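Visitor: To start, I am sharing the structure in question, which I have written as structure tokens.
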There are 2 protein chains.
Amino acid sequence: MRIIIVGAAGKAGRAVHRLLEQRGHDIVTVGRTSGDVRCDISDETQLRRMWQQVGQVDAVVSAAGDVTYAPIGELSAANFDAAWKHKGLSQINLVRTGLDQVSPDGSFTLISGIPSRDPVVSGAAAATVNGAIEAFVRAAAIEIAPRRINVVSPSVFTESLADFGDYFPGFPSVDLVDVARGFQKAVEGAATGQVITLP
Amino acid sequence: MRIIIVGAAGKAGRAVHRLLEQRGHDIVTVGRTSGDVRCDISDETQLRRMWQQVGQVDAVVSAAGDVTYAPIGELSAANFDAAWKHKGLSQINLVRTGLDQVSPDGSFTLISGIPSRDPVVSGAAAATVNGAIEAFVRAAAIEIAPRRINVVSPSVFTESLADFGDYFPGFPSVDLVDVARGFQKAVEGAATGQVITLP
């Protein structure tokens, strides 16, 4: 399959890239500051130019999106709005603008994260945007068939425990290799409208 | 209890107002173009002025938020952004700015809707913002205790079937009097972090 990976330079993106390349797929990497194609997917103009450069693909994988963690009393409207713009609307626009670029038996796989279903202190903005993406995926699935769409929702990465472990006390972490397998399952499988929870 | 109802002029808002007044509560109504206090809650400046006018309350009820329904291929980024601004961020800002205005044993009750859990064609923007609000409520609940926060998630209103029934084929509708009871359950009960699904 020809697969585009957005956010390919991030921790999850690199792990997915490695696994899908091992599986023999033809990978196009996209990133804001690195990759085969440069694109900030929160900018719809850049997104449309990206699709012109990339052309047709069989699968779209997104591992992009940063969100501010802070106590709810310290999160500003701007923090929530930035989370929406950079992880929510940006992934939605990736799907909207890519509907005609993905083969009929192709798929989209987005990324969310555990706080939407299992909240943590300081994770309100993350929870909000992850909940948005998961609901979007369920809704989009019934309209874009036969194309498929799923979302991978990982716990804190084992490789990120030094930085983020304190936000997730007692939570099982997930190894990046298993996050990559979650994306593989979505891309090579047949499910649609699913939230793939990890671990 | 002293209760502020935002979106009091809408169908759900009027039904909640009626029931909570029957229950003997002291009601302050808020709306964009009617009510005891005028406020567009999507504008944070107006929100802060509203709280100065309203003062302390025991419960905040929100029944506000319009979202565009259209096939996913016709929904623009602006449609998704408007849904976020007018139903998502606006309700989040109502909570953020109201944290110090609600008594310690008080509560917030927001509104979402069925498409986030049971999607319908043309409901992708609605699903997205409802999913955001539901995840925000779960996350906020663990940080704002002892204050409580819940969200009422109704199916299509029986009283709106003439306008919206075609979007929800075979879905059970919910009578507005039962929607009002959902809000009453959240306000007078003790639960927090819950999505109250109706019917």
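Visitor: Taking N as the number of residues in the range B:58-169, what is its alpha-carbon radius of gyration divided by 2.2 N^0.38 Å?
Guide: 1.12
Visitor: Between chains A and B, what is the buried accessible area in Å², counting both sides, with a 1.4 Å probe and ligands, DNA and RNA left out, to the nearest 100?
Guide: 2700 Å²
Visitor: For B:Glu159, place a label point 7 Å from Cα along the Cα-to-Cβ direction in every copy; what are the distances to the other copies, in nm, shortest first?
Guide: Inter-copy label distances (nm, one decimal, shortest first): 5.5.
Visitor: List, in order, the whole-Hz ³J(HN,Hα) value for each residue of the range B:16-30 obtained from phi through the Karplus relation with A = 6.51, B = -1.76, C = 1.60 and θ = phi - 60°; use x for Gly and Pro.
Guide: Result, ordered by residue: 5, 3, 4, 5, 5, 6, 4, 6, x, 7, 8, 9, 10, 9, 10 Hz.
Visitor: Using a 1.4 angstrom probe on the protein heavy atoms only, could you order A:Asp26, B:Asp166, A:Asp40 from most to least accessible area?
Guide: Final ranking, largest accessible area leading: B:Asp166, A:Asp26, A:Asp40.
Visitor: So what is the 222 nm mean residue ellipticity for the protein assembly as shown from helices alone, if each DSSP H run of at least 4 adds -39500 (n - 2.57) and you divide by all residues, rounding to the nearest 500 deg cm²/dmol?
Guide: -11500 deg cm²/dmol
Visitor: Report the extension gain between B:Tyr69 and B:Gln56 in nm, rounded to one decimal, defined as 0.36 nm multiplied by the number of residues separating them, less their alpha carbon distance.
Guide: Contour length minus Cα-Cα distance gives 1.1 nm.
Visitor: Then there is this: Run the 1.4 Å probe and let me know the accessible area of A:Ile111, rounded to the nearest 10 Å².
Guide: 10 Å²
Visitor: Lysine pairs in the protein assembly as shown with Cα distance under 21 Å, only those 8 or more apart or on different chains: how many are there?
Guide: Going through the protein assembly as shown pair by pair, I get 10.
Visitor: When the accessible area of the range B:2-198 is split by element with a 1.4 Å probe, what percent falls to carbon and sulfur?
Guide: That fraction is 47 percent.
Visitor: Also, quick follow-up: Taking N as the number of residues in the protein assembly as shown, what is its Cα Rg relative to 2.2 N^0.38 Å?
Guide: With N residues counted in the protein assembly as shown, Rg over 2.2 N^0.38 Å equals 0.99.
Visitor: If you don't mind, another one. Can you list, shortest first and in nm, the gaps between the label point of A:Asp105 and those of its counterparts in the other copies, using a point 7 Å from Cα in the C-beta direction?
Guide: Distances to the matching label points in the other copies: 6.4 nm.
Visitor: So, one more: Provide the per residue accessible area, probe 1.4 Å, for the range A:2-198, rounded to a whole number of square angstrom.
Guide: Normalised by residue count, the accessible surface of the range A:2-198 is 39 Å².
Visitor: From the phi of every residue in the range A:70-85, what ³J(HN,Hα) in whole Hz does the Karplus formula 6.51 cos²θ - 1.76 cosθ + 1.60 yield, where θ is phi - 60° and glycine or proline is x?
Guide: So the J values, rounded to whole Hz, are 6, x, 4, x, 9, 6, 8, 4, 5, 5, 5, 5, 5, 4, 4, 5.
Visitor: Run the numbers on the range B:2-198 and let me know its relative contact order in percent, using alpha-carbon pairs under 8 Å that are six or more apart.
Guide: Normalised by residue count, the contact order of the range B:2-198 is 21 percent.
Visitor: Sticking with this structure for a sec: What is the spin-label model distance, in nm, from A:Thr33 to B:Asp178 if the labels are put 7 Å beyond Cα along the C-beta direction?
Guide: 5.4 nm
Visitor: When the Karplus curve 6.51 cos²θ - 1.76 cosθ + 1.60 is applied with θ = phi - 60°, which whole-Hz ³J(HN,Hα) does each residue of the range B:182-199 get, with x for Gly and Pro?
Guide: x, 5, 4, 4, 5, 6, 8, x, 10, 6, 8, x, 9, 9, 8, 8, 9, x
Visitor: For B:Glu21, B:Glu134, give the ranking by accessible area with the largest first, probe 1.4 Å.
Guide: Largest accessible area first, the list is B:Glu21, B:Glu134.
Visitor: Buried by at least 20 Å² relative to the chain on its own: which residues of the range B:123-158 qualify, computing accessible area with a 1.4 Å probe on protein heavy atoms?
Guide: B:Ala124, B:Ala127, B:Thr128, B:Gly131, B:Ala132, B:Ala135, B:Phe136, B:Arg138, B:Ala139, B:Ile142, B:Glu143
Visitor: Treat every Asp and Glu Cβ in the protein assembly as shown as -1 and every Lys and Arg Cβ as +1, leave all other atoms uncharged, and give the resulting dipole magnitude about the Cα centre to the nearest 20 debye.
Guide: Here the protein assembly as shown has a charge dipole of around 40 debye.
Visitor: OK, next. Quick one: the Cα spread of the range B:1-100 along its three principal axes, in angstroms, biggest first?
Guide: Principal extents (Cα only, largest first): 47, 27, 21 Å.
Visitor: If I fit a long axis through the Cα atoms of helix A:124-144 and take the longest principal axis of the Cα atoms of chain A, what angle between them do I get, 0 to 90°, rounded to 10?
Guide: Between helix and principal axis, roughly 30 degrees.
Visitor: Need one number: nm distance between label points at A:Asp105 and B:Ser103, each 7 Å from Cα along Cα→Cβ, rounded to one decimal.
Guide: Between A:Asp105 and B:Ser103, the label points sit 6.4 nm apart.
Visitor: Answer with one residue from B:Ile111, B:Gln22, B:Ala135: the one whose Cα lies farthest towards the positive end of the charge dipole of chain B, charges on Cβ with Lys, Arg +1 and Asp, Glu -1.
Guide: About the Cα centre, the residue reaching furthest to the positive side is B:Gln22.
Visitor: Here's a follow-up. Counting Lys and Arg as +1 and Asp and Glu as -1, each charge on the Cβ, what is the dipole of chain A about the Cα centre in debye, to the nearest 20?
Guide: Dipole size: approximately 340 debye.
Visitor: At a probe radius of 1.4 Å, what is the per-residue accessible area of B:Ser90, in Å² to the nearest 10?
Guide: 0 Å²
Visitor: Three principal axis extents, largest first, for the C-alpha atoms of the range B:2-198, in Å?
Guide: Computed over the Cα atoms, the extents are 44, 34, 33 Å.
The values are calculated or read from the model by the stated rules, or taken from the named source; none is laboratory data. Remember, it's a predicted structure, so these values are computed and weren't measured experimentally. Every residue, glycine among them, receives a Cβ derived from its backbone with ideal geometry; neighbour counts consider all protein chains shown. Heavy atoms of the whole protein, side chains included, go into the accessibility calculation; ligands, DNA and RNA do not. Shrake-Rupley method; radii C 1.70, N 1.55, O 1.52, S 1.80 Å.
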